[in-house]
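Input: a single structure, listed below in structure tokens.
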Amino acid sequence: MSQSAHSLATLAGGCFWCLEAAFEQLEGVVAVLPGYMGGHDPRPTYEAVCRGDSGHAEVVQIEFDPAIIDFETLLTAFFTIHDPTTLNRQGHDVGTQYRSAIYFHDAGQQSVAEAMIARLNAEGVWSAPIVTEVTPATTFFVAEDYHHQYFRRNPYQGYCMAVVAPKAMKLRQIFAERLKAA
């Protein structure tokens, strides 16, 4: 974190390219880094994570200014852009590395996450219960450089056009009033 007034959120919701492309659009988000969390390998690589060998999830670590955007709003966006009811999968991406998880950095984040999941389940927003893990943040491993700003650098790559772009667009539509100035 570059500023003491900033906070961190670490979220897993399928491919980190999708999450990065969506969250970087929000006002108050200072930085979004793709990486890995929640596994046992002390030096995870993309290849090991993709094979499911490391136990890690693909995550984004979001540095945000809580005076502009709060953790609850970030979670609202998170639950908007992925399916939190599918265990270890998002669309065609299957495996524990694609699990839905909220890695909380303090008791306040844990409380907000658990309350939001309980509320969304009670409201029946999805036809199945939310399976998103709420667990303490552990060591964050920054993904290899070629994953950073992947969608921005590869907008016409097939996966980006078919999967990443629709999620980024959905966030722009639903959070139009919360987007960074162009």
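Please specify each residue of segment 125-154 satisfying the condition of being in contact (Cβ under 8 Å) with a residue 60 or more places away in the chain, surrounded by 15 or more Cβ atoms within 10 Å (Cβ to Cβ) and aliphatic (A, V, I, L, M).
137, 143
For segment 60-79, what are the residues that are β-branched (Val, Ile, Thr), surrounded by fewer than 24 Cβ atoms within 10 Å (Cβ to Cβ) and outside any loop (DSSP other than H, G, I, E, B)?
Within segment 60-79, 73, 76 qualify.
Can you spot a residue in segment 36-48 that is buried (at least 17 other Cβ atoms within 10 Å of the Cβ), charged (D, E, K, R) and assigned to a helix (DSSP H, G or I)?
Among the residues of segment 36-48, not one is buried (at least 17 other Cβ atoms within 10 Å of the Cβ), charged (D, E, K, R) and assigned to a helix (DSSP H, G or I), which makes the answer no.
Just the residues that are touching a Pro at 6+ places or on another chain (Cβ under 8 Å) and crowded, with 16+ Cβ neighbours inside 10 Å, please, taken from segment 156-182.
Answer for segment 156-182, where residues must be touching a Pro at 6+ places or on another chain (Cβ under 8 Å) and crowded, with 16+ Cβ neighbours inside 10 Å: just 165.
Would you confirm whether or not segment 85-99 contains a residue that is part of a loop (DSSP other than H, G, I, E, B) and under 22 Å from residue 26 (Cβ atoms)?
no
Results for (1) under 16 Å from the mean Cα position of the chain (by Cα); (2) of a type in the set (D, E, K, R); (3) modelled with pLDDT of 95 or more, shown as yes or no for each residue.
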{"residue": "87", "(1), (2), (3)": "yes, no, no"}
{"residue": "92", "(1), (2), (3)": "no, no, no"}
{"residue": "116", "(1), (2), (3)": "yes, no, yes"}
{"residue": "129", "(1), (2), (3)": "no, no, yes"}
{"residue": "158", "(1), (2), (3)": "no, no, no"}
{"residue": "167", "(1), (2), (3)": "yes, yes, no"}
{"residue": "171", "(1), (2), (3)": "yes, no, no"}
{"residue": "179", "(1), (2), (3)": "no, no, no"}
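Here are 182, 143: which of them is of a type in the set (Gly, Ala, Ser) and out of contact with any helix residue (DSSP H, G or I) (no Cβ under 8 Å at 6 or more places or on another chain)?
Going through 182, 143 in turn, just one is of a type in the set (Gly, Ala, Ser) and out of contact with any helix residue (DSSP H, G or I) (no Cβ under 8 Å at 6 or more places or on another chain): 182.
Does residue 112 satisfy the criteria of being outside any loop (DSSP other than H, G, I, E, B), under 19 Å from residue 148 (Cβ atoms) and more than 12 Å from the chain's Cα centre (by Cα)?
no
The values are calculated or read from the model by the stated rules, or taken from the named source; none is laboratory data. Remember, predicted model here, so these are calculated numbers, not experimental data. Cβ atoms come from the backbone with ideal geometry, glycine included; neighbour counts cover every protein chain shown.
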